[in-house]
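See structure below.
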Amino acid sequence: MSTGSIDLTTISRTVASLAVGMVHTLERAVVGEAQMRTARGNAWEAVCADRARADQRAELDRIVAELTASHEPRPMG
């Protein structure tokens, strides 16, 4: 083999690498960026869900406090 020759395994790896990159790009174009599930997207969804639950708990606490404040105890006896 001379220094100017190309090894067949090098060509195969290069073609495979290019094919993987092309498939990945095509997948993004077909599926769309917004529909792809990513770790970052999953984490953001979890943060938003936690915030929504915290808002619901705060609202429920406010309603309970309001009801408790407006409730007059009945005299016993």
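The values are calculated or read from the model by the stated rules, or taken from the named source; none is laboratory data. Because the structure is predicted, anything quoted here is derived from the model rather than measured.
For Val31, the conditions (1) of a type in the set (Val, Ile, Thr); (2) within 32 Å of the chain's Cα centre (by Cα); (3) at pLDDT 70 or above all hold with the exception of (3).
Looking at the structure I just gave you, is Val47 at pLDDT 70 or above and under 19 Å from the mean Cα position of the chain (by Cα)? For Val47, the condition - at pLDDT 70 or above and under 19 Å from the mean Cα position of the chain (by Cα) - is met.
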